[in-house]
1. Extending each Cα 7 Å along its Cβ direction at Glu235 and Ile37, get the distance between those two points in nm, one decimal.
2. List the residues whose amide H sits under 5 Å from the amide H of Glu345, counting only those 5 or more places along or on another chain, with H placed 1.01 Å from N in the peptide plane.
3. How would His144, His367 rank on accessible area, largest to smallest, probe 1.4 Å?
4. Jot down the per residue volume, in cubic angstrom and as a whole number, of the convex hull over the alpha-carbon atoms of region 179-331.
5. Please figure out what share of the DSSP beta bridges in the chain is antiparallel and state it in percent, rounded to the nearest 5.
6. Could you report region 181-317's accessible area per residue, 1.4 Å probe, as an integer in Å²?
7. I need two numbers for region 358-431: Rg to one decimal and Dmax as a whole number, Cα atoms only, in Å.
8. Which value, in Å², gives the accessible area per residue of region 337-404 when a 1.4 Å probe is used on the protein heavy atoms?
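The values are calculated or read from the model by the stated rules, or taken from the named source; none is laboratory data. As the structure is a computational prediction, the values presented were derived from the model and not from experiment. FYI the Cβ positions are ideal-geometry reconstructions off the backbone, even for glycines, and counts take in every protein chain you see. Just so you know, the surface numbers come from the protein's heavy atoms only, side chains and all, with ligands and any DNA or RNA stripped out. Shrake-Rupley method; radii C 1.70, N 1.55, O 1.52, S 1.80 Å.
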Amino acid sequence: MVGKPERHVAVFGAGYIGLVTGACLAELGHRVVVRDIDPDKVALLRAGDVPIYEPGLGDLIARNKERLTFTLDLAETLDGAEIAYVCVDTPPSPSGDADLSRLWTVVKSLEGAAHLRAVVVKSTVPVGTGARVRAALDAAGLAHVGYAANPEFTAEGRAVTDFLRPDRIVIGSADEATAALIAELHEGVEGPVVVMDVRSAEMVKLASNALLATKISFINEIATLCEKTGADVEEVARAVGLDHRLGPHFLRPGIGWGGSCFPKDSEALRQLASNTGYHLQLLSAVIDVNNLQKRRAVQKLHDELGTLAGMRVALLGLTFKPGTDDMREAPSTVLAARLLAEGAEVRCWDPMARPAAVEPWSSTTRHPTPELALEGADAAIVVTEWPQLKEVDWAGAASVMRRPVLYDGRNLFDPAAMRELGYTYMSVGRP
Ligand SMILES: NC(=O)c1ccc[n+]([C@@H]2O[C@H](COP(=O)([O-])OP(=O)(O)OC[C@H]3O[C@@H](n4cnc5c(N)ncnc54)[C@H](O)[C@@H]3O)[C@@H](O)[C@H]2O)c1
Ligand SMILES: O=c1ccn([C@@H]2O[C@H](COP(=O)(O)OP(=O)(O)O[C@H]3O[C@H](CO)[C@@H](O)[C@H](O)[C@H]3O)[C@@H](O)[C@H]2O)c(=O)[nH]1
């Protein structure tokens, strides 16, 4: 795939989004320098390693190494660059608003870069951020440099595919020339380009994530009601999703949504509204339902076992979803913390997770296989639907668990089959 003409792009941030953006732009034929401030990350990338797990990313980086370089050095990053892409993290601040400190550090570092044609923010930011960046660029004598918001909609685990074949490329800009430049940069990407004003583009990102999270919380709430009324949420979701006006996506009931985006972005949108004196009632309920969903799993085990104190509970899967090593806001973190607080002994398994050496993971035992995590356990929770869990010898596991109690937080298994194997089997919204 070769995009023309070749542009020289400086990407700030070598995380999930910066790396995917950099590698994909290089794949499209552009010359890309990715800068990060983390020396370990840059050293790994320079040595040909990829510091995160993202399918296809390693191959893409290797294939484009002539056009794709990594550096810690600011001057090297900006040397000859036409477009600066801001892909730094925007984590939650104590107030729930997005913490934009890293973004401002990058914007400040662009002050001398009068040769740039455009600054593009891909990081997820509150509505109004672009206007502030624009003002900062103007104040720094960069009024001639264009500005665009170009939010990213890729999901982890399929980020490369999503980037190269997106549902849409959203470009927010106040000037046509900048919008055209960014659209041209994406030549070769298979997806419609939607151009709008900067604030609307910023809102599209937050609204999309909020609506996706709403669908999940909605089906999770219906699942709870199914439990109380004897209906089967899987049947309900399947038939509801067949209505083309509703669609089947993001109607999978489960233990709650997590990840690097939904929790922080929904809270940031809620606070964005609060800051204007408006209370987003629907989104607040969506967040509440999600918080409760994780606690309900622990409550169910408590009800079944009588107490959690002294019980050995196995958490199967730790990452916020399969196909990633990302542990940010993973439901497993809440489950582990709650279980430990109740006095349970937590053991866990995950094929990919990289838990930081902080609570609750420092107090849990990690096992190399699901079978070892299940040995001697009083109960287990399927937290992440890793395909490996389908391969477990569940009949054998039932005989080595102290009590075969299983809460399937992802509705991975057939209830009748698991009960046949001797399990006290609970799942989400199914009889
Ligand atoms: N992860 C996703 O799936 C996803 C999807 C869509 C949008 N986003 C948004 O994209 C942004 C980046 O997310 P991410 O998951 O890639 O974060 P990340 O934490 O994986 O990566 C951010 C990187 O930026 C680096 N950085 C911080 N300050 C820097 C600076 N001054 N100069 C250069 N590098 C700097 C960090 O060291 C880190 O490597 C966030 O705003 C996020 O909300 C993420
Ligand atoms: O039907 C569903 C779908 C998802 N989830 C959960 O929702 C969370 C998020 O899943 P997913 O959306 O697949 O992962 P992310 O990589 O966090 O991607 C989301 O967040 C990104 C960052 O903003 C956006 O770019 C993507 O469009 C958006 O899907 C995970 O915990 C999933 O287990 C469910 O419980 N039920």
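1. With each label placed 7 Å out from Cα toward Cβ, I get 5.6 nm.
2. Under 5 Å from the amide H of Glu345 lie the amide H atoms of Gly310, Met311, Arg312, Val313, each far enough along the sequence or on another chain.
3. Result, largest first: His144, His367.
4. Cα convex hull per residue, to the nearest whole number: 179 Å³.
5. Restricted to the chain, the bridges split so that about 5 percent are antiparallel.
6. 48
7. 12.4, 39
8. With all protein chains present, region 337-404 gives 45 Å² per residue.
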